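Visitor: Attaching a single structure in structure tokens format; questions to follow.
The values are calculated or read from the model by the stated rules, or taken from the named source; none is laboratory data. On a predicted model such as this, the values are computed, not experimentally measured, just so you know. Counting neighbours? That spans all protein chains shown, and the Cβs are built from the backbone with ideal geometry, glycine included. With ligands, DNA and RNA removed, areas are computed over all heavy atoms of the protein, side chains included. Shrake-Rupley method; radii C 1.70, N 1.55, O 1.52, S 1.80 Å.
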Amino acid sequence: MKKTFWLSVVFALCLGTATAQNLRKDNKIFEKTTDKQEKEYLQFLYDYMPLSDLADYSGDFFLSQVRYAIKARETFSWGRTIPEEVFKHFVLVYRVNNENLDTARAYIFETLKDRIKNMSMYDAALEVNHWCHEHVNYKASDGRTSSPLATIRTSWGRCGEESTFTVTALRAVGLPARQCYTPRWAHTDDNHAWVEVWIDGTWHHLGACEPEPELDIAWFDAPAKRAMMVHTTVFGKYEGKEKKNFEHPLYSKINLLSNYTTTKNLEILVKDTDGKPVENAQVAFGLYNYAEYYPLAKLYTDKNGKAVLETGFGDLMIWVKKDGKTASALAKSDTDKMTLTIERQKFAPHCTHYKLCPPVAKQVKAVSEEKAAKNALRISYEDSLREAYLKTMPRNFDSAKRNAYLEQQNAVWKFSFQELEKADKQIENSWGNYKQIEQVLASGDENAIDILSLLYEKDLRDIEAATVLSHLKAYKNYPAQDESLKEYVLNPRIQLEKITPYREFLQNYFADRAKDFVANPQSIADWINANIKLNKQENYYGVQISPEGILRIGQCDPLSREILFVAIARSFGIASRYEWAEGKAQYKTSAESDWIYPQFETKSSEPTGTLVVSNSEKNKIKPEYYIHFTLQRLENDEYKTLDFEYDPKFAQFPETLTVPAGKYRLMSGNRDSDGNIYVREEYFEVKADQVTKAEVVMDEIQTDLKVLGKINMKEKVHLLDKTTASLKSIAKDKGMVLAIVDPYSEPVRHLMADMPLVKEEMETWGGGIAFVFANTPEQAPESMYPNLPEQSIFAQDKQKQLQKAITKATKFDFTSNYPLLCFVTKEGEIVFLSEGYRIGSGESLLKVIHSLNQNNK
């Protein structure tokens, strides 16, 4: 470690609470440029950047961002037409959301400048999206957002990564762009992110890495018309015309919903028990999704006791709180004004039931068939470019080439057969990052396979070998004292932060405190309390600050503080982890000890009780956490969901949990085919040192199936092996699931991810399942869509004959928003029909099958 860096760390800690402000104003990077424009833009970035960027990225990085933004404005003809306000907020800014940062701006500018320099802004935006699609496609992954270059290296990402990548690409060539985000859909349990691009004074939307022949056309147009919120975070003090859901001195959250659908202003008036308006009460506008009321926005009442949100025509749960007083009420779709009276609530166990409705579905425009067909040909070509790149990865080698590759590598690795199997899986999961993983495996370190096995799959796709090797080297200084605790010491992954080589750094930094930390892990928290300022406001993108960065600036947000504790503990051989449900660090003093929460602000530990959660026999399906139910604890006068997304709880019932004593809500929901949700809330108390029992009960949906139309079951489909089969033969006297699909659309990928989740139930039912391609896939379907129910078949819809038969029979105005999903009885009656984006399609189909079975009894 360079001496100058150590001095900067000590200097930063001495500055204490003023550190971040000083870094914003007095950074040495300003001495590296004499250009007035560069200085102005650099100061703009430093004035408003979040703590994570102040802490973890160099001034040289930001100066490069400024210079390339200016270069793009000077290179392309549209640069001169962009207003300064738009340029600063939507071209100059280097960060899109919570991604890891990299040098993508420079790479993309140099790659694309000659390709688009003679185009109009409109055509350039379309062309950039085509380039993005050449390199990246959709695939679900965890919540950490990869950097744009890492996404290219992998060749795929979830929607948040695709949109981050595409916004970065558009900004790199001087096209103003922003990521748009519906934090939760109203009609289905999911969210989505896409892109808006500024063209000649108007914002247009597009699907990231999903090029269409025109702007303002995307597969999510129909879902967006049912949305209750679309927003984006704007870096810096923004004076645009859009409505603001929230404004902070460093950033704003602006409301973009009116760009996509009709809206209303929902006004909440808050009064006290004397009937007087309450100022500065928090009003949470909760939308049911993922079995919780997700706050679309949290606003504060004005001096007249009012809070107003522009939203859609669906149901919301309103929760108001101030100074220990609360109130809640359901705002129905036709409500535009409500009055709530806050008071201190007396808690009593009880159960409530609601039916919540999303906005109604609306029609959307579609491009001409001629344009769509031309675009499909280009997309197919772009897919072939990406597939050619994928074939260079060992994971996609044929068996002979892969065996030869492993044999060659193992001449260096020298692994046993069992070790080689593990290494092969790690190389496979690393995708385009396999060279970095090869280096780790070639290190000869006895813990190389173990440390890679502890990482998330996304880590294998973007981690650098040098970072892993640094952890392996430092681990030898303070290894786990018990083999059963090794994973809680060796693992460099803590939460969803970017993994840095923090272990060596922390061992050097705290060398004189090592004995104290090992003897009493609480002393780590004590040191943090005394030396690190908690800053809850300025890390507004929610990017976790690295341990090194925290020590550099002397402050951090609450989550980063928990990560810092775990990082220090593991660096000195202390078993430690991030406990997802409570969102707090924990440590163990021995293999036999309980997990202990370190104490930060308070020295008093919370009493705990035992909660046993069982599954009701009434439930027709096994409920899944964050899909059908959640547990929520009352904290600071609002219910907070216990986060088990990365914790394997509720794999089986009953589940026994040790939780803090307090008041709880168990929420479950059952969604029907129209997107309506039947919610059950059970309120109960967990008392200290006592056992409390709760049961997950899903309110039953009364399904009244209607015949929407009828098709001829003698109709034949063309199987991919060149033979034909009638719908009647596929249905097997039990009916059939019939899906018309475009193999490359994102909603179809969601359908194909849903179906394996109901594989066992579908196979038990035994009816037919046919996936009929509107466009021929380049790959064999079995490789594209693994683990489907065994009766699944693939076919081709020549001249769209089957699609036309379905839409004619049902009088359905289909806009090529695939999949077109049906359930057809053995008589040919269509009793379920949907198009486009829907999460949980497999479960919806099971509900139809169950209803038919009940009706036939």
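Visitor: Can you name every residue in the range 509-547 that is over 29 Å from SER146 (Cα atoms) and of a type in the set (S, T, N, Q)?
Guide: ASN520, GLN522, SER523, ASN529, ASN531
Visitor: Give me the residue from the range 166-201 that is part of a helix (DSSP H, G or I) and open to solvent by less than 10 Å² (accessible area, probe 1.4 Å) and, out of that set, nearest to GLY836 (Cα to Cα).
Guide: Going through the qualifying residues, I end up with THR166.
Visitor: Report, by residue number, each residue of the range 145-159 that is assigned to a helix (DSSP H, G or I), surrounded by fewer than 24 Cβ atoms within 10 Å (Cβ to Cβ) and out of contact with any Lys or Arg (no Cβ under 8 Å at 6 or more places or on another chain).
Guide: Matches in the range 145-159: LEU149, ILE152, CYS159.
Visitor: Quick one: would you say GLU497 is part of a helix (DSSP H, G or I) and at pLDDT 95 or above?
Guide: In short, no.
Visitor: Here's a follow-up. Search the range 524-544 for residues that are on the phi > 0 side of the Ramachandran plot and free of Cβ contacts under 8 Å to residues at least 24 places away in the same chain and pair each with any residue that is outside any helix (DSSP H, G or I) and open to solvent by 20 Å² or more (accessible area, probe 1.4 Å) when their beta-carbon atoms are under 7 Å apart and the residues are at least 6 apart or on different chains.
Guide: From the range 524-544, no pairs qualify.
Visitor: I'd like to know if the range 561-574 contains one or more residues that are surrounded by fewer than 20 Cβ atoms within 10 Å (Cβ to Cβ) and of a type in the set (A, V, I, L, M).
Guide: No, that holds for no residue.
Visitor: Do any strands (runs of 3 or more DSSP E) lying entirely in the range 644-740 carry at least 1 residues that are among the β-branched types (Val, Ile, Thr) and in contact (Cβ under 8 Å) with a residue 60 or more places away in the chain, and which ones are they?
Guide: Correct list: 655-660, 677-686, 691-696, 716-719.
Visitor: Let me ask another. Would you mind stating whether SER590 is more than 30 Å from VAL234 (Cβ to Cβ) and in contact (Cβ under 8 Å) with a residue 12 or more places away in the chain?
Guide: Taking the combined requirement at face value, the residue satisfies it.
Visitor: For the range 349-360, enumerate the residues that are β-branched (Val, Ile, Thr) and either in contact with a Cys (Cβ under 9 Å, 6 or more places away or on another chain) or surrounded by 13 or more Cβ atoms within 10 Å (Cβ to Cβ) (or both).
Guide: Result: VAL360, single match.
Visitor: GLU548: over 20 Å from LYS640 (Cα atoms) and open to solvent by 10 Å² or more (accessible area, probe 1.4 Å), yes or no?
Guide: Against the criterion (over 20 Å from LYS640 (Cα atoms) and open to solvent by 10 Å² or more (accessible area, probe 1.4 Å)), GLU548 qualifies.
Visitor: Another question, if that's okay. Of the residues ALA480, ALA525, ALA511, ALA466, which is among the aliphatic types (A, V, I, L, M), under 20 Å from GLN586 (Cβ atoms) and open to solvent by 10 Å² or more (accessible area, probe 1.4 Å)?
Guide: Result of the check over ALA480, ALA525, ALA511, ALA466: ALA480.
Visitor: Please indicate, with yes or no, whether at least one residue in the range 480-490 is touching a helix residue (DSSP H, G or I) at 6+ places or on another chain (Cβ under 8 Å) and farther than 28 Å from GLY143 by Cα.
Guide: Within the range 480-490, one or more residues are touching a helix residue (DSSP H, G or I) at 6+ places or on another chain (Cβ under 8 Å) and farther than 28 Å from GLY143 by Cα.
Visitor: Please go through the range 318-331 and pick out each residue that is farther than 17 Å from PRO277 by Cα and open to solvent by 20 Å² or more (accessible area, probe 1.4 Å).
Guide: Residues satisfying the conditions are ALA329, LEU330.
Visitor: Select from the range 747-792 the residues that are modelled with pLDDT of 85 or more, among the hydroxyl-bearing types (Ser, Thr, Tyr) and part of a helix (DSSP H, G or I) and list them in ascending order.
Guide: THR764
Visitor: Sort through ASP482, ASP557 and tell me the only one that's within 27 Å of the chain's Cα centre (by Cα) and in contact (Cβ under 8 Å) with a residue 60 or more places away in the chain.
Guide: ASP557
Visitor: Then there's this: Scan the range 68-113 for residues that are basic (Lys, Arg) and open to solvent by less than 30 Å² (accessible area, probe 1.4 Å) and jot them down.
Guide: Correct list: ARG95, ARG105.
Visitor: The conditions are (1) open to solvent by 10 Å² or more (accessible area, probe 1.4 Å); (2) at pLDDT 95 or above, and ALA140 fails exactly one of them. Which is it?
Guide: If we test ALA140 against (1) open to solvent by 10 Å² or more (accessible area, probe 1.4 Å); (2) at pLDDT 95 or above, just (2) comes out false.
Visitor: Any residue at all in the range 413-424 that is at pLDDT 95 or above, buried (at least 17 other Cβ atoms within 10 Å of the Cβ) and closer than 30 Å to THR815 by Cβ?
Guide: No, because not a single residue in the range 413-424 is at pLDDT 95 or above, buried (at least 17 other Cβ atoms within 10 Å of the Cβ) and closer than 30 Å to THR815 by Cβ.
Visitor: Next question. Does the range 580-600 contain at least one residue that is crowded, with 21+ Cβ neighbours inside 10 Å and more than 22 Å from ALA661 (Cα to Cα)?
Guide: no
Visitor: Here's a follow-up. Looking at ASP47, ASP102, ASP53, can you tell me which residue is outside any helix (DSSP H, G or I) and touching a residue at least 40 places away in the same chain (Cβ under 8 Å)?
Guide: Sole residue among the options that is outside any helix (DSSP H, G or I) and touching a residue at least 40 places away in the same chain (Cβ under 8 Å): ASP102.
Yes/no per residue for (1) within 28 Å of ASP190 (Cα to Cα); (2) surrounded by 15 or more Cβ atoms within 10 Å (Cβ to Cβ); (3) not charged (D, E, K, R):
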site: PHE347; (1), (2), (3): no, no, yes
site: LYS362; (1), (2), (3): yes, no, no
site: ARG395; (1), (2), (3): no, yes, no
site: TYR405; (1), (2), (3): no, yes, yes
site: GLN436; (1), (2), (3): no, yes, yes
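Visitor: Looking only at the range 813-835, count every residue that is farther than 22 Å from LYS371 by Cα and not in a strand (DSSP E or B) and tell me the total.
Guide: Matching residues across the range 813-835 total 4.
Visitor: Could you grab me the full set of residues in the range 205-260 that are touching a residue at least 60 places away in the same chain (Cβ under 8 Å), in a loop (DSSP other than H, G, I, E, B), open to solvent by 10 Å² or more (accessible area, probe 1.4 Å) and of a type in the set (A, V, I, L, M, F, W, C)?
Guide: ILE217, TRP219, LEU250
Visitor: Considering only residues that are modelled with pLDDT of 95 or more, of a type in the set (D, E, K, R) and loosely packed, with under 15 Cβ neighbours inside 10 Å, which ones fall in the range 652-688?
Guide: LYS687
Visitor: Would you pick out the residues in the range 702-722 that are modelled with pLDDT of 90 or more and surrounded by fewer than 11 Cβ atoms within 10 Å (Cβ to Cβ)?
Guide: LYS714
Visitor: Let me ask another. Could you go through the range 134-144 and let me know if any residue there is outside any loop (DSSP other than H, G, I, E, B), in contact with a strand residue (DSSP E or B) (Cβ under 6 Å, 6 or more places away or on another chain) and closer than 21 Å to ALA227 by Cβ.
Guide: Within the range 134-144 (the criterion being outside any loop (DSSP other than H, G, I, E, B), in contact with a strand residue (DSSP E or B) (Cβ under 6 Å, 6 or more places away or on another chain) and closer than 21 Å to ALA227 by Cβ), the answer is no, since none of the residues qualifies.
Visitor: Return the residues of the range 803-857 that are open to solvent by 20 Å² or more (accessible area, probe 1.4 Å), aromatic (Phe, Trp, Tyr) and over 20 Å from ASN775 (Cα atoms); say none if nothing qualifies.
Guide: Within the range 803-857, just PHE812 meets the criteria.
Visitor: Could you list, in sequence order, the residues of the range 276-299 that are over 27 Å from the mean Cα position of the chain (by Cα) and either open to solvent by 40 Å² or more (accessible area, probe 1.4 Å) or under 20 Å from HIS192 (Cα atoms) (or both)?
Guide: Residues satisfying the conditions are LYS276, PRO277, GLU279, ASN280.
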